[in-house]
Structure formats: C-alpha cells, structure tokens
Amino acid sequence: MDLQLETRSLVDAVTHALRDRILTGEIPAGAALTEQTVATGANVARPTAKAAIERLTHEGLLRRGANKTARVPQLDADDIADLYFSRMFLEREAVAALARASTVPEPAREAHRRFQIAAKDRSLTGIVEADIDFHVALVAALNSPRVSRMHTSVMGEAHLCMAQVQAHRLLTAKTIATEHGAIVDAIASGEEETAARLLVDHLERARDRLVNNLAVISATAAGAAATVPDPSPGTAAAES
C-alpha cells in the first residue's frame, strides 16, 4: 500500500493520506488497517502508524475493539438510520436557535463557499470536508462544549456516509449546495420553523438515498450469489 504524503508533521501526513483513501473508497468498508501495514506502506515507524490509526479511530473513520485490528466501519441500514436520527436531534435545535437570533456563523458561510469551489473542481474529498465543516459550524455556534462533543462523536461515521453519497452520486453537489444555501438564507431571515424543516429535509434525503443504495447493493450481491451453482457430488467426481 503506497501512500502519497504531503509536507506536514509525519503523523498528520499519514493520517491525512489514510483518511483520503478511506473517504474515496480506496480502503473499503470492512478493510483492516494494522500498524505494520500502515508503517510499511507509508515508510514510517510503527509508533507513527499507531498514532495515525488512533486519530482515525477517535474520528470514527476506524473502529477497533479491545486487542483487535482497526477496521473501516461497515454501516448497515440501522446504523445509518440511527446516525442521521442523532444528527437531526442535535442539528435541528442548533439551526432553530441560530434562526431565532437571525445569526449565520461565519465559519458556516465560509464552508458553504468552499463547498461550491470544491464542487466546481469535482474534488470528492474537498466536497465532503466542506460539507462536514458546514454542519459542524452550525452546532459549534451554540458555544456549548457538551453539545459539540456529542455532535463530534457521530460526525466520524457521518463523514463516511457523506463520502458514500458523493462516491455513488446519490445526491449531486449542486443539490447539496442549494440546500445549504436555503438553510443559510432561512437562518439569516429569522425563519425558525423553515430553517429547521429545511435542515431535517436535507438530512432525511441523504439518509434515504444511502439506505436505498445499501438495499440495492445487498440485492445485487444476493442475486450474484444465487447465480453461482453449487457443484453436486456427481459434478465434483466428474471434474476430478
């Protein structure tokens, strides 16, 4: 596994390279990442590889049980539904509070601008990062460390979901940018109910596309498996 590293601290560079490969699907769901594999692929010491894996585990882009190898999470329909329920629970209230004050946080506006630039450049990682930053900025504007911690705890897996939305073209970047813009406008206009509804619609649409896509993938895999004949004893004997 060869990793292209940018000039930055070594742990940051390895983390960034792995994150990029996870989000683009080059390292697929269910794949294992060992310290030795990462160290060899990036040509770094094992402590550096370990630190990068720990960071990605903290972000939610990897999962690791006690004394087990870290793996990219394999999210099922229930995981996705619960993830988006959790996000809606927190982000809806954040958007409503901001709309009551008619205040759009500047980091959210900046993330929206970066999203539009990334969409023009067709940069999947740029789109996903700006999308994440937009939603994080809305919650962070509440200035509640506890709420932000709760939100951060689900955003790693959300990161994976957002990447899948783009990788499978479930929603166009233009559509997402339009929806972000409408949320920003509703907040700025003090339209609390509208802002909250737009946010919920935005998340529900992504959730439903992801769940439906997962069902299609499962059905396709099941169909492919059904077309593979099981060799009968007679066939096996004839082949031998």
Filter result for L61 (outside any helix (DSSP H, G or I) and within 17 Å of the chain's Cα centre (by Cα)): yes
Test: residue in the range 160-180 that is over 15 Å from L75 (Cα atoms), of a type in the set (S, T, Y) and at pLDDT below 85: no
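Against the condition touching a helix residue (DSSP H, G or I) at 6+ places or on another chain (Cβ under 6 Å) and farther than 18 Å from G60 by Cα, how does V200 come out, does it pass?
On the way: touching a helix residue (DSSP H, G or I) at 6+ places or on another chain (Cβ under 6 Å): yes; farther than 18 Å from G60 by Cα: yes.
Here the answer is yes, as V200 does meet what is asked.
So, R205, is that one outside any helix (DSSP H, G or I) and open to solvent by 50 Å² or more (accessible area, probe 1.4 Å) or not? Give the derivation first.
Numbers: outside any helix (DSSP H, G or I): no; open to solvent by 50 Å² or more (accessible area, probe 1.4 Å): yes.
Here the answer is no, as R205 does not meet what is asked.
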Restricting the range 185-197 to residues that are part of a helix (DSSP H, G or I) and surrounded by fewer than 21 Cβ atoms within 10 Å (Cβ to Cβ), the residue that is nearest to the chain's Cα centre (by Cα): R197
Residue list for the range 1-25, restricted to those being open to solvent by 50 Å² or more (accessible area, probe 1.4 Å), over 14 Å from the mean Cα position of the chain (by Cα) and either more than 17 Å from N43 (Cα to Cα) or modelled with pLDDT of 85 or more (or both): S9, L10, D12, H16
Condition broken by I176, with the remaining ones in (1) over 20 Å from the mean Cα position of the chain (by Cα); (2) open to solvent by less than 30 Å² (accessible area, probe 1.4 Å) satisfied: (1)
Sole residue being within 28 Å of N212 (Cα to Cα) and buried (at least 18 other Cβ atoms within 10 Å of the Cβ), chosen from G181, G156: G156
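Inspect all residues belonging to the range 136-150 and state whether any of them is part of a helix (DSSP H, G or I) and polar (S, T, N, Q). Can you show your working first?
From the range 136-150, those part of a helix (DSSP H, G or I) are 136-140, 145-150; that's our starting set.
Among the residues that remain, those that are also polar (S, T, N, Q) are: 148.
Yes, the range 136-150 contains at least one residue that is part of a helix (DSSP H, G or I) and polar (S, T, N, Q).
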Filtered residue count, the range 135-153, keeping only those that are surrounded by 21 or more Cβ atoms within 10 Å (Cβ to Cβ) and either under 18 Å from R209 (Cβ atoms) or at pLDDT below 95 (or both): 2
Count of the range 119-134 residues which are small (G, A, S) and either touching a strand residue (DSSP E or B) at 6+ places or on another chain (Cβ under 9 Å) or crowded, with 21+ Cβ neighbours inside 10 Å (or both): 1
Any hit, the range 99-115, residues being surrounded by fewer than 17 Cβ atoms within 10 Å (Cβ to Cβ), part of a helix (DSSP H, G or I) and in contact (Cβ under 8 Å) with a residue 40 or more places away in the chain: yes
Within the range 59-85, considering residues that are touching a residue at least 12 places away in the same chain (Cβ under 8 Å), surrounded by fewer than 17 Cβ atoms within 10 Å (Cβ to Cβ) and small (G, A, S), the one nearest to A196 (Cα to Cα): A81
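The values are calculated or read from the model by the stated rules, or taken from the named source; none is laboratory data. Note that the coordinates shown come from a computational prediction; the quantities given were computed from them, not determined experimentally. Cβ atoms come from the backbone with ideal geometry, glycine included; neighbour counts cover every protein chain shown. When the accessible area is computed, the model is the full protein with side chains, heavy atoms only, and any ligands, DNA or RNA have been set aside. Shrake-Rupley method; radii C 1.70, N 1.55, O 1.52, S 1.80 Å.
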